[in-house]
Amino acid sequence: MSILIAVATAHNSTRDIAQRIAARLATHTSDPIDVLDVANVPADGVSRYATVIVGSAVHMQSWLSPARKFLHSERAALATRPVWAFSVGMPDTEVHAVKEEEMIGKNVRKEVPELRGHVLFKGRIEREHLPWPGRLIFKWFPNIWKFGDFVEWDKVDAWADEVGGGLKKD
Ligand SMILES: Cc1cc2nc3c(=O)[nH]c(=O)nc-3n(C[C@H](O)[C@H](O)[C@H](O)COP(=O)(O)O)c2cc1C
């Protein structure tokens, strides 16, 4: 039975992370793995998949709206299969990272109470991704806010290994 990794992204880092998770999971299972934008999940939804991983970029401390809508519309099917979730954000400090991870995990569990796990990964941010007020904040607080690629691939691989281990127990 196949695995779905469904993502919502604004600037692609979430999709890149999903592809990396898929590649790593493929070392744990021979099941087919599809990485799809939530908008491209087939009309019969997640029912053709045995396992689902949902990922979203974080904007304004929340998942992107297509990911939130996907969780809500698919909640019945998600309740009957193993589900993991990941977020991709750019918290300014480790304390905020922990808080954001907890808060988003709690929100995802409102739709998927049996969620197996949720993690927040760092992503990428560039000047042109932000509206002018955001750019100003980066300009005024260069010690706190920095543009660039902050993806921690080792952390992504380690999480995919955890999920892969979980799959073997099902
Ligand atoms: C308009 C905007 C708002 C954002 N708000 C947050 C936020 O509240 N918390 C956070 O951790 N990251 C925030 N970020 C950072 C993004 O989540 C980060 O750049 C992530 O890598 C984006 O993923 P994507 O490339 O898949 O779109 C924001 C980025 C943008 C462009």
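Okay, here's what the table says:
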{"quantity": "Any hit, the range 56-76, residues being part of a loop (DSSP other than H, G, I, E, B), more than 25 Å from L36 (Cα to Cα), free of Cβ contacts under 8 Å to residues at least 24 places away in the same chain and within 9 Å of the ligand (Cβ to nearest atom)", "calculated": "no"}
{"quantity": "Residue match in the range 97-113 (condition: more than 10 Å from the ligand (Cβ to nearest atom), surrounded by 19 or more Cβ atoms within 10 Å (Cβ to Cβ), among the hydrophobic types (A, V, I, L, M, F, W, C) and within 25 Å of D170 (Cβ to Cβ))", "calculated": "yes"}
{"quantity": "Residue that is least open to solvent (accessible area, probe 1.4 Å), among those in the range 118-141 that are over 20 Å from S56 (Cβ atoms) and among the hydrophobic types (A, V, I, L, M, F, W, C)", "calculated": "F138"}
{"quantity": "Index of the failed condition, V41 passing every other in (1) open to solvent by less than 40 Å² (accessible area, probe 1.4 Å); (2) under 18 Å from H11 (Cβ atoms)", "calculated": "(2)"}
{"quantity": "Flag for T14 being within 12 Å of the ligand (Cβ to nearest atom), within 16 Å of W159 (Cα to Cα), surrounded by 14 or more Cβ atoms within 10 Å (Cβ to Cβ) and polar (S, T, N, Q)", "calculated": "yes"}
{"quantity": "Residue in the range 114-127 that is over 14 Å from the mean Cα position of the chain (by Cα) and part of a helix (DSSP H, G or I) present", "calculated": "yes"}
{"quantity": "Within the range 74-91, tally of residues that are under 11 Å from V108 (Cβ atoms) and open to solvent by 10 Å² or more (accessible area, probe 1.4 Å)", "calculated": "2"}
{"quantity": "Check on I144, of a type outside the set (G, A, S), over 16 Å from V7 (Cα atoms) and either open to solvent by less than 20 Å² (accessible area, probe 1.4 Å) or in contact (Cβ under 8 Å) with a residue 40 or more places away in the chain (or both)", "calculated": "yes"}
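The values are calculated or read from the model by the stated rules, or taken from the named source; none is laboratory data. Predicted model, so just to flag it, every value in this text is computed and none were measured. As a convention, Cβ positions derive from the backbone with ideal geometry for all residues, glycine included, and neighbour counts pool all protein chains shown. We work out accessible area using only protein heavy atoms, side chains counted, and drop any ligands, DNA or RNA first. Shrake-Rupley method; radii C 1.70, N 1.55, O 1.52, S 1.80 Å.
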